[in-house]
Each structure stands twice: as structure tokens, then as C-alpha cells.
Amino acid sequence: MQQFGQPLCPDNIINRISMQISRFLLSIVAAMVLSSCLKDEVRQQYTFFRPVYKTRAEVRSEAKSTLPVAIAMPGKLFIKGSYVFLNEVDKGIHIIDFSQPSSPKNLAFLKIPGCVDMAVRGHFLYADCYTDLVTIDISDPRQVTVKKFIEGVFPHRRYSNGFVADTNLVITEWSRVDTVVRMKAGDGMSWNNPRVFMAGDLRSQGAMSSASPGVANGVGGSMARFGLLDDRLYTVSWSDLKVFNTSDPSNPAYVSTIGLAQGDIETIFPYRNRLFLGSQTGMFIYDAINKDNPRRMGQFTHARACDPVVADDTYAYVTLRSGNRCVGNLNQLDVIDISQLTSPKLVKTYSLKGPEGLSKDGSLLFICDGSDGLKIYDAAKPENLVLLKTIALSDTYDVIAWNRIALTVAKDGIYFIDYSNPTQAFVAGKVVISKS
Amino acid sequence: MPKLFLLLIAVCDFWGAGAQSTSRWEKLQGSVGLSLLNGQSGVSGRLGLEAGYELPSRFSAHLGVALDYYYLRTVPVFFEIQRAVSRQPQHFFAYAGGGMNLAWPTQEERNMGGGGWGIATPVAHRSGLFTQIGVGRTMGKQSGRGFVLRLGHSFKSFSETYAERIWNGSNSDEASRKNLYQLGMLECSLRYML
């Protein structure tokens, strides 16, 4: 029986309830603390390139010649007369006068945003300007004139490595950005995800071309995506071949696109009405007798690797390289008998260190063999190449041998190598690459 | 690292032999146990060895080493303080500790990547911190031996650095990426007192 004056709830009951509430609250707090402490976080510190956009009109207005600038990131080479056209990747083209190989002169710089490929016919230069083909009159390298833009013929340049640019604007620069982000461990970085990024290194050369009467074509190398064959300009993307009619060099016209089912195409090398296409899985031979509709003749397949190609009447020379974006474990030269275009046959394989571009002049074969430097072979007997000379240069990756001068792009400069006497070849001149 | 394990096992054996001839709460203690770890990255396990020394006021100090498989194989080496509720053979206690979390990645973890191209990237790992806190209860002690059940939270960190090629539209450049991992997990362990 409850007594007068006694509280309705005795102290011990209140204490019990308050203890229960306290325990309950404590368990909730503990659960919250524990759950917040059970996060797996990763703080990522990395670098990426961020695109800088401009309008198409702004880009076109910038296509002009300027004073020579330092070479920082050299790309493809092209030779016309005594001029070297050296691509500065995505920026434009250096024009270098090497009439005196011992003292080459950097004459001018053509600002062409988004340029990675080029070819020269007569005194007109064709280059890609991101998705467009631009024609420039280079009669006076210091005062060039833009003649024509053909829009949207290289749609593959609109995106890169999965990045799709705004179609109304053009990416003109990539600024390097250091950043730190926090994320849940495992998000976007699973062990199963490739953490090796594809390096779409388009550094390569122009393609050798034959001259047509009246208008002379320039000379290129083995790693180009642009190639001139008489009055046609052929360009390859990952999986197609485009034909441009340059019979009027100042006014090239788009002709057609030919789908290349095999894909993986990296280079084109025109030679005597034939187009040799290098892909990561093989070499493909096209007959260009019908200039506007080349026809596939044969192919030579190999394990996946990067494979620039040059050819002569009877043999094709393919270097296979691994490392970086070039997958596989091959570093070699394949000599292929192409006397039967429909059924090319492997003649012999030569082991190399890290071959990149190659060039052929008469019976001499020049191979950029990575850190070994430039190697000059006597290829009179392709089944038995004889090494004549090795010019020790650091990380060579591009060469054009023409008229007793082998223009070689190495890590630290453009070398002009005199091979008048191949066994005594020597560096006659050099233009320094500034990495600043 | 295996030598360190052998040494700790030998030390624990020595303490365990000593403990058999006297009462439970000896100056020196050893324990070996298995932990179940649960965090955002899933469930994993940890093998641990610990050696302790009794201090006044029901405190004890412990040194431990473990083989932890949560996310990345690591070896935590730590110092821990425990405080028992009583001196009874069966008692509750609280513990807290911390130390180094030594990265000891497997061959696969040292070469990540692969993707579709079969290229592996070597990864350099650096050690980080290890902490743990929680409560436990000793159970079924007889003849100076017994089990210990522990429930708590542990944290470990480490970093990894690897080279990667970054893309700038038409070319690529070499860069490095550094990831600092901070992993928190719930730990439930069963240990046997030596």
C-alpha cells in the first residue's frame, strides 16, 4: 500500500529506468562511432591532364607561322627538299633547314593546334588540326598561309582514352594538374581493374611517298598515319583508311573512307602503288592501282606488338616492339618476302633491344633500336643482315634516311647523321630538344 | 619476418611453461589467437601472438605481432594496455593499443594491374599505423590456461606508390600515383592463454 508523502516512482525504479536509457543511448552512440570507424578510405594523390577548350574559329585563327621555338615534345618527321618538318605533338610543326647538316637552323614554327600528323606535297603542307585537315601554303615558311580546312574528317581525334571532348569546342591544350581525392578503398581501383593506362603515343613519322610529275611529294618514314602516293593523300585511323585527292595541291578534296575490318591500325607506308598498313597484330598490303579505292591484297600476322613497317620491291621490314602501350614481349625485326603480295612469307627474324622507327635507303637499313641507338645494316641479303655501324644515341625512336643523311630523333635531340660511308657514319649536326 | 614469428613463438612458449607452475595471474602472460575482421572491404582474418606483463592496479602491458589479411597482407607490431575489472580467473577487461603496420604484400599485390593486356605494374608499399581498442572476457581458465574472447575496433594504414602513364590527348607522360589507405574494421577474436 502506498503511503502518503512517498513518491509515485521510487528512486530505485527511476535509477533502473535511467540506467536502461543510459545503456540504450550508450549502445546507440557506440554503434554510431563504430560504424563511422568502419570506413575504408583511400587518399589518392595523382596527376592528370585537364583539357583546355577553344572555339573552332579561335583555333583556326591561331594556325600561322611564328618565330622558332624550342623543341619540347617531338613527334613525326617529314622531309621536303632541305627542310625537316618536325611535329611538336598537339602544338604544331617546327621547320628546320638542314641544307648544312652540320649546322641545322630552326627556321620557324607553324602553330597548328592538335597536330600530330603531316605530309608535304609541292609547297603545301597537309596536317591534322584535331578533327580537321588543314592545308597550308609553306612557300615562305616564315609567312605561311592557311588555304583550306576540311572539317570533321578525323573524328577519332575528338576523343582520347575514353575522354570525349565537347563537340562544339576544340581541346587546344592539356594542363597538368596535381590533385588529391578521398574515396572508398576499392572504388574505381579494384585489383581487377587495369591500373596501367594505355599510352596512346602517336609519336611517329611521315610516310615515304613517290613523286608525281610536276609536283614533288616529301619523304617520310615508317610510323606515319599520313602518306602521299602520287596525287592522293592517304590517312589511317584506328580502323579506316581515308583518301584525299591532292591533284590540286592547294585544294585537296575528300574522296572516300574505306573501312578496315582488322582495326588496330597504326601506320601507313605507301610504296609503288601499294599501301603497307602496320597494325598491332600484323601488316596488311593494299593495292592502290585504283587510287580512290585501294584493295586488300595480303596480310602477314604476328603477335600483338607495335610494328612500324617499310618496304621495297621484294621485302617488307617490320619491327615489333613491346613496352609502354605496346603490349607483348617481342623486340625484333621481321623480314618478310612480299614478292607474292597475296601471300607474304616470313624470311627471317632478328632479335633487337627495343626497335621503333626504321628506314631504308638502297641496300641500307636503318633501325632505331631504343637505348642502343641507331643501327645501320647492310640489307643486300635480307636473310643475312650485316650490322655495319651503331651510333650510340639515347632512346632513338624515329629515323628517315634520305640522300646520305639519316635524320634521327632521339631523347635529347634531332641528329643529322652522315652515312656517306656507312661503316664510318657519324653525327654531323644536332638540334637540341628542350625538355623544359 | 618468419624469424620474428619464430622468436615470438619461442617467447610465448617460455612464458607459457612458466605459467603452468604457478597461479593464473602471473607476471608474464602469452596468448595466441585468431580474429575475424569485418569492414567495408569485406571479411578477413588475422592471426596474432601476444605477450603481456602484469602492472599494478589490474593493468597489464602487452607486446604483440599479427599477420593481417584485411585488404592487404600486413604485419601489425603493437603495444597494448589492458585493464581488468577484477583479479578473478574469469573477468572482463578493456584494452587499447597501437603500433606499426608493416606492409608485407603478396607477390600478386606487389604487381597489380594486368587488365586485358597482361602488363603488371610494380607497386611500392610503405608501412603505416595500427591501432586497436575494445573489451574482452577471459573464460574457462583451468591450470593457468584459458580462452579469451575479445570484441573491438582496429585500424590499419599503409600506402602504395606506383608509376602510371597519363594521357594528354595524343601523347602520354609518366607520373606516379600514391594511395594512402586508412582501413577501419570490427574485430572479434578468440585467443588461447598460454
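Computed from the coordinates by the stated procedures, all read-outs in this text should not be read as laboratory data. Just so you know, these numbers come straight off a predicted model, no measurement behind them. We place every Cβ from the backbone using ideal geometry, glycine too, and count neighbours over all the protein chains shown.
Points worth noting:
- Measuring against 21 Å, Cα to Cα, the residue pairs A:105/A:411; A:345/A:381; A:54/A:80; A:80/A:430; A:147/A:430 contain A:54/A:80; A:147/A:430 as the ones spanning a longer distance.
- Peptide A:89-99 shows a mean partner chain C-beta count of 1 within 10 Å per residue C-beta.
- Ranked list, fewest to most other Cβ atoms within 10 Å of each Cβ, for A:90, A:292: A:292, A:90
- Calculated from backbone phi, Karplus (6.51, -1.76, 1.60) coupling profile of the stretch B:181-194 in Hz, x at Gly/Pro: 9, 10, 10, x, 8, 8, 10, 10, 10, 10, 10, 10, 7, 8
- Sequence-distant lysines (8 or more away, or on other chains) whose Cα lies within less than 17 Å of residue A:291: A:242
- For residue A:152, distant residues with modelled amide H under 5 Å away: A:132, A:133
- Each residue of the stretch A:395-409 was assigned a 3J(HN,Hα) from its phi angle through the Karplus curve 6.51 cos²θ - 1.76 cosθ + 1.60 (θ = phi - 60°); the sequence is 6, 6, 9, 7, 8, 10, 9, 7, 6, 6, 10, 9, 7, 10, 9 Hz, with glycine and proline shown as x.
- Environment charge at residue A:249 (Cβ cut-off 10 Å; Lys +1, Arg +1, Asp -1, Glu -1): -1
- Partner shielding of B:173-180 amounts to 6, given as the average count of beta-carbon atoms from other chains within 10 Å of each residue beta-carbon.
- In sequence order, the stretch A:369-376 has phi-based couplings of 10, x, 6, 6, x, 8, 10, 10 Hz under the Karplus curve 6.51 cos²θ - 1.76 cosθ + 1.60, θ = phi - 60°, and Gly or Pro positions carry x.
- Summing charges over neighbours of residue A:218, with a neighbour being any other residue whose Cβ is under 9 Å away from its Cβ, gives +2 when K and R count +1 and D and E count -1.
- Amide H contacts for residue B:91 (H built 1.01 Å from N in the peptide plane; partners 5 or more residues away or on another chain; cut-off under 5 Å): B:138.
- Legend: calculated FRET efficiency, residue B:188 to residue A:179, from the Cβ-Cβ distance at R0 = 51 Å, rounded to 0.05, equals 0.85.
- Residues in the stretch A:371-394 reached by a label modelled at residue A:424 [backbone nitrogen below 17 Å; 7 Å Cα→Cβ]: A:388-391
- Projecting label points 7 angstrom from Cα along Cα→Cβ for residue B:178 and residue A:371 puts them 2.6 nm apart.
- Each label was represented as a point 7 Å from its Cα along the Cα-to-Cβ direction; for residue A:107 and residue A:295 these points are 4.2 nm apart.
- Placing dummy labels 7 Å off each Cα toward the beta-carbon, the span from residue B:100 to residue B:88 is 4.1 nm.
- Local electrostatic count at residue A:288 - Lys and Arg +1, Asp and Glu -1, tallied over other residues with Cβ under 12 Å: +2
- Peptides A:65-77, B:84-96 ranked from most to least packed give A:65-77, B:84-96, packing being the mean of other C-beta atoms within 10 angstrom over each peptide's residues.
- Under 5 Å between amide hydrogens, built in the peptide plane, is the criterion, and for residue A:315 it picks out A:338 among residues at least 5 positions away or on other chains.
- Shielding by partners, peptide B:39-45 (average Cβ within 10 angstrom, other chains): 3
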